[in-house]
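> Here it is, the structure in full.
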Amino acid sequence: MSLHTTLIDAATLAALPPDDVLIVDCRADPAGAGAADPDKPEREYRQSHIPGAVHASLEHDLSDLRREGQGLGRHPLPLEQAFSAVLGRWGWRPGLQVVAYDAGSSALAAARLWWLLRLAGVREVAVLDGGFAAWREAGLPVESGTVERTPSQAELHFDPHQAITDHATLHADPAPVLLDARAAARYRGETEPLDRAAGHVPGALNRPFADNLDASGRFKPPARLREEFAAVLGHTPPQKVVHMCGSGVTACHNLLAMEHAGLHGSRLYAPSWSGWVSDPSRPIATG
């Protein structure tokens with residue numbers, strides 16, 4: 001079986017033997033625990049999902065909200081032990097292909113799971129291009145209810161070099177190039193619907209994650225993505241790029257897009273903007 005490490009299309013996923021893939025439904029509200037209807041993603045999963053898919057909660061499986069208030073942002077990273085327990089509950093085993101999907105083209109929480117697995121050294125993980133919407137558009141089957149897989153023992157360890165949680169690292173010499181995935185209006189400080197203050201980290205560049213997608217909601221071809229990232233980053237090597245967003249979720253979309261484009265080795269500033277502005281003394285840029 002071919003290894004899928006960035007994106008996979010609906011037809012290819014449908015052709016994989018069920019025993020050879022772990023499918024994870026990551027539908028989520030970007031507002032997280034503050035959403036008007038926080039139970040909606042799981043309710044929609046129970047109503048209809050890709051056959052065999054387990055459900056991942058952005059707040060409880062892909063984040064650790066108990067660590068909020070520690071300068072780690074609105075979606076603090078889960079601890080290794082907790083994330084390992086989640087994978088064990090899903091029946092993950094080394095070498096098993098994982099496919100994550102969201103509701104549609106945004107691939108936000110799905111990209112977060114993709115990145116968390118890569119943080120733990122897992123490479124057999126891909127995001128369904130176009131999400132559940134693409135699966136439905138292809139006329140592929142769905143099922144309702146919940147899926148419980150045979151549990152396994154999982155013990156993974158995160159690579160500390162891939163995730164920046166220390167704010168001071170952003171001012172290291174030489175400093176990394178920050179790439180902010182939020183919409184341009186939030187980056188410029190014209191609006192801020194979620195966090196304490198509006199604006200961006202001084203010196204950060206802007207690449208709205210939505211720019212990674214074409215008119216159909218699929219990721220743009222690798223060559224096109226390379227051109228567009230080069231237009232923002234110039235000749236900066238990917239290894240010097242650090243992604244951020246509001247809380248460390250949508251930034252994974254840009255990281256996924258760069259990997260799909262062959263621009264390997266960029267990292268994530270996990271606390272992102274919500275972590276940066278948790279300390280009022282930190283500088284803020286606008287415009």
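> Within segment 236-249, can one find any residue that is touching a Ser or Thr at 6+ places or on another chain (Cβ under 8 Å), open to solvent by 30 Å² or more (accessible area, probe 1.4 Å), of a type in the set (A, V, I, L, M) and in contact (Cβ under 8 Å) with a residue 40 or more places away in the chain?
no
> Regarding ARG188, is this residue out of contact with any Lys or Arg (no Cβ under 8 Å at 6 or more places or on another chain) and surrounded by 19 or more Cβ atoms within 10 Å (Cβ to Cβ)? Steps first, please.
Details: out of contact with any Lys or Arg (no Cβ under 8 Å at 6 or more places or on another chain): yes; surrounded by 19 or more Cβ atoms within 10 Å (Cβ to Cβ): no.
No, not satisfied.
> Under the condition of being of a type in the set (Gly, Ala, Ser) and closer than 18 Å to LYS240 by Cα, which residue from segment 264-282 is surrounded by the fewest Cβ atoms within 10 Å (Cβ to Cβ)? Before you say what the answer is, go through the steps one by one.
The first filter runs over segment 264-282 and keeps only residues of a type in the set (Gly, Ala, Ser), leaving 265-266, 270, 272, 274-275, 278, 281.
From what is left, the residues that are closer than 18 Å to LYS240 by Cα are 265-266, 270, 272.
On the way: GLY265: 13, SER266: 25, ALA270: 25, SER272: 29.
If we take residues in segment 264-282 being of a type in the set (Gly, Ala, Ser) and closer than 18 Å to LYS240 by Cα, then GLY265 is surrounded by the fewest Cβ atoms within 10 Å (Cβ to Cβ).
> From ARG196, ARG224, ARG218, grab the single residue that is under 26 Å from GLU68 (Cβ atoms), open to solvent by 40 Å² or more (accessible area, probe 1.4 Å) and among the basic types (Lys, Arg).
Exactly one of ARG196, ARG224, ARG218 is under 26 Å from GLU68 (Cβ atoms), open to solvent by 40 Å² or more (accessible area, probe 1.4 Å) and among the basic types (Lys, Arg), namely ARG196.
Results for (1) open to solvent by less than 30 Å² (accessible area, probe 1.4 Å); (2) touching a residue at least 60 places away in the same chain (Cβ under 8 Å); (3) more than 20 Å from the chain's Cα centre (by Cα), shown as yes or no for each residue.
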{"residue": "ASP180", "(1), (2), (3)": "yes, yes, no"}
{"residue": "ALA183", "(1), (2), (3)": "no, no, no"}
{"residue": "PRO202", "(1), (2), (3)": "no, yes, yes"}
{"residue": "ARG207", "(1), (2), (3)": "yes, no, no"}
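> In addition: If THR191 satisfies all but one of (1) free of Cβ contacts under 8 Å to residues at least 40 places away in the same chain; (2) of a type outside the set (Gly, Ala, Ser); (3) in a helix (DSSP H, G or I), what's the number of the condition it fails?
If we test THR191 against (1) free of Cβ contacts under 8 Å to residues at least 40 places away in the same chain; (2) of a type outside the set (Gly, Ala, Ser); (3) in a helix (DSSP H, G or I), just (3) comes out false.
> Continuing with this model, one more query. Among the numbered conditions (1) touching a residue at least 40 places away in the same chain (Cβ under 8 Å); (2) touching a Pro at 6+ places or on another chain (Cβ under 8 Å); (3) polar (S, T, N, Q), tell me where GLN70 comes up short.
(1)
Each row is one residue, and each column tells you yes or no for (1) more than 19 Å from the chain's Cα centre (by Cα); (2) within 27 Å of PHE83 (Cβ to Cβ); (3) at pLDDT 95 or above.
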{"position": "LEU128", "(1), (2), (3)": "no, yes, yes"}
{"position": "ARG136", "(1), (2), (3)": "yes, no, yes"}
{"position": "ALA168", "(1), (2), (3)": "yes, yes, no"}
{"position": "ASP173", "(1), (2), (3)": "yes, no, no"}
{"position": "ALA198", "(1), (2), (3)": "yes, no, yes"}
{"position": "LEU213", "(1), (2), (3)": "no, no, yes"}
{"position": "LYS220", "(1), (2), (3)": "no, no, yes"}
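> Another one. Quick check on SER216: is it closer than 14 Å to ARG182 by Cβ and of a type in the set (Gly, Ala, Ser)?
No; evaluated as a whole, the condition is false for this residue.
> Something else now. Sort out which residues of segment 17-50 are modelled with pLDDT of 95 or more and in contact with a strand residue (DSSP E or B) (Cβ under 7 Å, 6 or more places away or on another chain), and write them in order of number.
ASP20, VAL21, LEU22, ILE23, VAL24, ASP25, CYS26, TYR45, HIS49, ILE50
The values are calculated or read from the model by the stated rules, or taken from the named source; none is laboratory data. Because the structure is a prediction, the values reported are computed rather than measured. Counting neighbours? That spans all protein chains shown, and the Cβs are built from the backbone with ideal geometry, glycine included. For accessibility, only protein heavy atoms count, side chains too; no ligands or nucleic acids. Shrake-Rupley method; radii C 1.70, N 1.55, O 1.52, S 1.80 Å.
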